[in-house]
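K.L.:
Got a structure for you, written out below as structure tokens; questions coming shortly.
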Amino acid sequence: MLGAVSLSLALTCGVASAATITGAGSSFAAPIYGVWGNSAQKAIGISVNYQSVGSGAGQNQAIARTVDFGASDKPMEASKLATNKLYQFPTAMGGIVVIVNVPGIPAGMLKLDGPTIAGLYDGSIATWDDARIKALNPGLKLPDADVAPIHRADASGTSFVFTSYLSKVAPSWKQKFGAGTSIAWAGGAGARGNDGVAAGVKESEGGIGYVEYAYASRNHLNMAQLRDHDGAFIQPNAASFAASASHADWAHADHYAVDLLDTPGANAWPIMSATFVLVPTNPQDASQGKAVESFFEYSLRNGDAEARKLDYVPLPQSVKDDVTKNWPKN
């Protein structure tokens, strides 16, 4: 459910009044805002028009006040939030997965770790039968096929999460490339959105890419196992995402910017992120601001089952309560 997500639905019987709110940004979060938008329209008469344009654009549109809310997987810095009079809060957590197109390798069988993924993207690992990959996969017959890395071409929160993970587990990556929504990639091909990355990997023998799990799962993409913080190779699934999310230190997260990368603990998926929403603390239209608040309050209170169906991890109740309590008063 990527590209433009547009939900502008007719008023349901029994709802006395209606509002339409606009949002833009994270493709990672697009599926959940689509489903929550459908539910909120039926239950409280609030329609959502959400455009999946990437986290960078979501932040910029929130700053420019061209949407009622922006969405980003990269949390905004406290100083920038203050300067632009924005309130930032999380809505859900989810996993980023590594997808591959390696000839002869069955789905879910390839094992990778952070330093090896960094090598695949920095050009130091050029073929799939490299000794470092063989050492992780002694039971697989790896082909002498060129590695074809695919990365996001747009300013992407998914790229921020992925490169932050590589910076955390591979010192050489941190030194040479660092983390960001856009970085100076060593090579490979760029593609826009999760769908573009997936298409690039599918069309490229030897391809490797990174996308959000819900997209990979629903499109039956070949996902690699990853080595967790404790050294075990694990599959991306609801259990490994929940194990990672359980270690979130919300109490010490500045503006909810919690770190879920390479968390310790058994079966904890190493590339996890919360996704965030940005709303003005001084909305130009108070009624629109109230509609945004009502939408997210309703969705956080009632949307856990829908989030789980889409392979997200819902927020703890204490965090939801804080989000509501701290909502800016106009």
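K.L.:
Over all directions, what mean area does the Cα convex hull of the chain project, stated in square nanometres?
P.N.:
Values: hull surface 64.4 nm².
Taking a quarter of the hull surface, the average projection is 16.1 nm².
K.L.:
What fraction of the DSSP beta bridges in region 95-256 is antiparallel, stated in percent and rounded to the nearest 5? Write out the running numbers ahead of the final one.
P.N.:
Values: 10 of 17 bridges.
Here the antiparallel bridges make up roughly 60 percent for region 95-256.
K.L.:
How large is the charge dipole for region 186-326, taken about the Cα centre, if only the Cβ atoms of Lys, Arg (+1) and Asp, Glu (-1) carry charge, to the nearest 20 debye?
P.N.:
Numbers: 10 positive and 18 negative charges, 62 e Å.
That gives region 186-326 a dipole magnitude of about 300 debye.
K.L.:
If region 63-128 were replaced by its equivalent ellipsoid, with semi-axes equal to the square roots of 5 times the Cα gyration tensor eigenvalues, what would those be, largest first, whole Å? Provide the component values of the computation, followed by the final result.
P.N.:
Working: eigenvalues 295, 45, 23 Å².
Rounded to whole Å, the semi-axes are 38, 15, 11.
K.L.:
With θ set to phi - 60°, apply the Karplus curve 6.51 cos²θ - 1.76 cosθ + 1.60 along region 192-198 and write out the HN-Hα couplings as whole Hz, x wherever there is a Gly or Pro.
P.N.:
Karplus values, whole Hz, x for Gly and Pro: 8, x, 4, 5, x, 4, 4.
K.L.:
Can you tell me the dipole magnitude for the chain around its Cα centre, using point charges on the Cβ only (Lys, Arg +1; Asp, Glu -1), in Debye to the nearest 20?
P.N.:
Numbers: 24 positive and 28 negative charges, 78 e Å.
Using only the charged Cβ atoms, the result is roughly 380 debye.
K.L.:
Residue by residue, what Karplus-based ³J(HN,Hα) values in Hz, rounded to whole numbers, does region 67-79 have, using 6.51, -1.76 and 1.60 with θ = phi - 60° and x for Gly and Pro?
P.N.:
After applying 6.51 cos²θ - 1.76 cosθ + 1.60, I find 9, 6, 8, x, 10, 8, 8, 9, x, 7, 5, 4, 5 Hz.
K.L.:
Let me ask something additional. Residue farthest toward the positive end of the dipole of the chain, with Cβ of Lys/Arg at +1 and Asp/Glu at -1: which of Ile208, Gly37, Ala248?
P.N.:
Gly37
K.L.:
Given the -39500 (n - 2.57) contribution per DSSP H run of 4+ residues, what per-residue ellipticity at 222 nm results for the chain, rounded to the nearest 500 deg cm²/dmol?
P.N.:
Numbers: 13 runs with 122 residues, N = 330.
That comes out to -10500 deg cm²/dmol.
K.L.:
Taking GluC sites (Glu not before Pro) as candidate sites, keep only those in a DSSP loop with at most 15 other Cβ atoms within 10 Å, then name the longest stretch of the chain containing none of them. Working shown, then result.
P.N.:
Working: sites that count: Glu77, Glu205.
Excluding the exposed sites themselves, the longest stretch runs over 78-204.
K.L.:
What share of the DSSP beta bridges in the chain is antiparallel, in percent to the nearest 5?
P.N.:
Working: 27 of 44 bridges.
Of the beta bridges lying entirely in the chain, close to 60 percent run antiparallel.
K.L.:
Continuing with this model, one more query. Project the alpha carbons of region 95-256 onto their principal axes and report the range along each, largest first, in whole Å.
P.N.:
Sorted from largest, the Cα extents of region 95-256 read 48, 32, 31 Å.
K.L.:
Something else now. At most 11 other Cβ atoms within 10 Å plus a DSSP loop assignment makes a site exposed; report the longest stretch of the chain without any exposed trypsin sites (Lys or Arg not before Pro). Mind showing how you got there, number by number?
P.N.:
Details: sites that count: Lys141, Lys329.
Longest gap between qualifying sites, sites excluded: 142-328.
K.L.:
From the phi angles alone, apply the Karplus equation (6.51, -1.76, 1.60; θ = phi - 60°) to region 178-191 and give each ³J(HN,Hα) in whole Hz, x where the residue is Gly or Pro.
P.N.:
Per-residue couplings from phi come out as x, 10, x, 5, 9, 9, 7, 4, 6, x, x, 10, x, 8 Hz.
FYI, it's all coordinate maths here, none of it is from the lab. These numbers come from a predicted model, not from an experiment. Neighbour counts run over all protein chains shown; Cβ positions are idealised from the backbone, glycine included.
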